[in-house]
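Notes for the one structure printed next.
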């Protein structure tokens, strides 16, 4: 502990997360990874066409809960993929190769 006392500012030096990422030449990738996993799961679910299909598209009967509405997976992915409609995304899911290409391109571009 004696050596640290001789160097002022060592214990109080603070770095922001952005500075550490810049020094390491890295980008934030957690959100991109989450979106990629959501997209691959959505492709899997939509091709099956069962109950999960209804849940992810938000087409369930019944009352809505009170308060602010939760963001649907489809809404988040629509903003991630860029300009386009949810119906276009649902149509692209049917073609597996096109869907993989869309995911790869969106992942490269980031959030």
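Remarks
- Matching option when the condition is surrounded by 13 or more Cβ atoms within 10 Å (Cβ to Cβ), under 30 Å from residue 17 (Cβ atoms), under 16 Å from the mean Cα position of the chain (by Cα) and at pLDDT 80 or above, among 43, 76: 76
- Qualifying residue in the stretch 89-103 (condition: under 19 Å from residue 45 (Cα atoms), part of a loop (DSSP other than H, G, I, E, B) and within 16 Å of the chain's Cα centre (by Cα)): no
- Among (1) at pLDDT below 80; (2) part of a loop (DSSP other than H, G, I, E, B) - the single one residue 53 does not satisfy: (2)
- Failed condition for residue 83, given (1) surrounded by 10 or more Cβ atoms within 10 Å (Cβ to Cβ); (2) under 20 Å from residue 108 (Cβ atoms); (3) at pLDDT below 80: (1)
The values are calculated or read from the model by the stated rules, or taken from the named source; none is laboratory data. Worth saying up front: this structure is predicted, and the values here are computed from it rather than measured. All Cβ positions, even for glycine, are placed from backbone atoms using ideal geometry, and neighbour counts span all protein chains on display.
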